[in-house]
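Structure incoming, see below.
The values are calculated or read from the model by the stated rules, or taken from the named source; none is laboratory data. Computed from a predicted model, the values in this text were never measured in an experiment. With ideal geometry, Cβ positions are generated from the backbone for all residues, glycine too; neighbour counts draw on all protein chains shown. Please note that ligands, DNA and RNA were not included when accessible areas were found on the heavy atoms of the full protein model with its side chains. Shrake-Rupley method; radii C 1.70, N 1.55, O 1.52, S 1.80 Å.
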Amino acid sequence: MLNRKNLLLIALGLGLWWAYRVYGVYYTPLPFGSTDLTPILSQLDNLPADEYGLVFAYVKRSNGDVLPPSMVDPKDPYRFTARNVADAIKLQKEFLVAEEKQAARQKAFEAMREEALAPLRAVLALASAKRAIVPRAELVLPPEALQVTRAKTPNSSLIDKTPVFITSYEVKNQSNRAIVFFEATASFFRKQDKPTEFNKIASCFLSGLPNNLQVLAPQAMTSFRCGNVRNEASAKDRAVVAMPDSEVVVKWEPRLIRFEDGEELKMIEPKPLPVEY
């Protein structure tokens, strides 16, 4: 028959076993240098669902790497110093908070840029933007000369039919003042991607008036094209042209507009917001 002392020992043992089951998993070492968590899955199964996901997300993000604490800023939410499950959960939580703050900063910064661009877009508007592949001759020969050559000798070697990728644009002076100069960029992005410098699928920079114009009159339109005549259209270029318009976003950014009377509109780039952890 069990006495009171034995019962207490059994209760203590069960308590320790339960505590280990519940809390011991947090001290389980991570497999260093690998993203394979198979060896510790039985321990991870004791975690709540949210913490289970945090461990997997951290290991995937770190690629199994681990740095000595002395090599990183202890306040850096992007550090990879986790050696056990508890560390991984803590660092992944910090990372998610930092990412949320970064997203908020980026959104605020983009709003400031859009506000800075608004007065220039109100004056010089992008009416259309297109992607195409055309024969190189259309870019290197004046339209009149190309038309004459085609009429006289359709198979002339002067008509270079090498396919070249181009983007073309129409812009309109929506103001009641003549424009003599402008600088602007137009960039194509996939609708599913963030519009960043690294995600451009095509872009164009223009400085000055196109088509030998001296003045872009009030309410007048002009057009221009961009393309590298030296490069033959690649498979990637053809894929960009084949994309439906519904999957593409065009970002129009006039940076400088000079009017005939000498007055200028300039886009002042806002300063990035400070990073705070």
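Working only within the range 173-219, note down all residues that are closer than 30 Å to Gln106 by Cα and among the charged types (D, E, K, R).
Those that are closer than 30 Å to Gln106 by Cα and among the charged types (D, E, K, R): Glu183, Arg190, Lys191, Asp193, Lys194, Glu197, Lys200.
Identify all residues within the range 238-262 that are among the acidic types (Asp, Glu) and not in a strand (DSSP E or B); write none if there are none.
Step one: of the range 238-262, the residues among the acidic types (Asp, Glu) are 245, 247, 253, 260-261.
Of everything in the range 238-262, those that are among the acidic types (Asp, Glu) and not in a strand (DSSP E or B) turn out to be Asp245, Glu247, Glu260, Asp261.
Please verify whether Lys90 is modelled with pLDDT of 95 or more and basic (Lys, Arg), treating the condition exactly as stated.
Working: modelled with pLDDT of 95 or more: yes; basic (Lys, Arg): yes.
Yes; evaluated as a whole, the condition is true for this residue.
How many of the residues making up the range 182-207 are without any contact (Cβ under 8 Å) to a residue 40 or more places away in the chain and out of contact with any strand residue (DSSP E or B) (no Cβ under 7 Å at 6 or more places or on another chain)?
5
For the range 94-103, state whether one or more residues are of a type outside the set (S, T, N, Q), in a helix (DSSP H, G or I) and in contact with a Lys or Arg (Cβ under 8 Å, 6 or more places away or on another chain).
First, pick out the residues of the range 94-103 that are of a type outside the set (S, T, N, Q): 94-101, 103.
Cutting the leftovers down to in a helix (DSSP H, G or I) gives us 94-101, 103.
From what is left, the residues that are in contact with a Lys or Arg (Cβ under 8 Å, 6 or more places away or on another chain) are 95.
Yes: the range 94-103 contains one or more residues that are of a type outside the set (S, T, N, Q), in a helix (DSSP H, G or I) and in contact with a Lys or Arg (Cβ under 8 Å, 6 or more places away or on another chain).
Give the residues of the range 22-43 that are in a loop (DSSP other than H, G, I, E, B) and open to solvent by 60 Å² or more (accessible area, probe 1.4 Å), sorted by residue number. Full working, then the answer.
Filtering the range 22-43 for residues in a loop (DSSP other than H, G, I, E, B) gives 28, 30-37.
Across the range 22-43, the qualifying residues are Phe32, Gly33, Thr35, Asp36.
I've got another one for you. Specify the residue that is farthest from Glu170 (Cα to Cα); the eligible residues are those in the range 204-227 that are open to solvent by less than 80 Å² (accessible area, probe 1.4 Å) and within 24 Å of the chain's Cα centre (by Cα).
Selected residue: Gly227.
With the structure loaded, tell me whether Val275 is in a loop (DSSP other than H, G, I, E, B), under 28 Å from Glu110 (Cβ atoms) and open to solvent by 40 Å² or more (accessible area, probe 1.4 Å) or whether it fails that test. Full working, then the answer.
Numbers: in a loop (DSSP other than H, G, I, E, B): yes; under 28 Å from Glu110 (Cβ atoms): yes; open to solvent by 40 Å² or more (accessible area, probe 1.4 Å): yes.
Judged against the criteria, Val275 is a match.
Scan the range 228-249 residue by residue and report those that are more than 13 Å from Arg190 (Cα to Cα), aliphatic (A, V, I, L, M) and either under 21 Å from the mean Cα position of the chain (by Cα) or surrounded by fewer than 13 Cβ atoms within 10 Å (Cβ to Cβ) (or both).
Ala235 - this is the single residue of the range 228-249 that is more than 13 Å from Arg190 (Cα to Cα), aliphatic (A, V, I, L, M) and either under 21 Å from the mean Cα position of the chain (by Cα) or surrounded by fewer than 13 Cβ atoms within 10 Å (Cβ to Cβ) (or both).
Turning to a different aspect of this structure: Do you know which residues across the range 250-265 are surrounded by 14 or more Cβ atoms within 10 Å (Cβ to Cβ) and not acidic (Asp, Glu)? Walk me through it before giving the result.
Narrowing the range 250-265 to residues surrounded by 14 or more Cβ atoms within 10 Å (Cβ to Cβ): 250-260, 265.
Once the filter is applied, which keeps residues that are surrounded by 14 or more Cβ atoms within 10 Å (Cβ to Cβ) and not acidic (Asp, Glu), the range 250-265 yields Val250, Lys251, Trp252, Pro254, Arg255, Leu256, Ile257, Arg258, Phe259, Leu265.
Kindly indicate whether Ala111 is surrounded by fewer than 16 Cβ atoms within 10 Å (Cβ to Cβ) and not in a helix (DSSP H, G or I). Working first, answer last.
Values: surrounded by fewer than 16 Cβ atoms within 10 Å (Cβ to Cβ): yes; not in a helix (DSSP H, G or I): no.
No: the conditions fail for Ala111.
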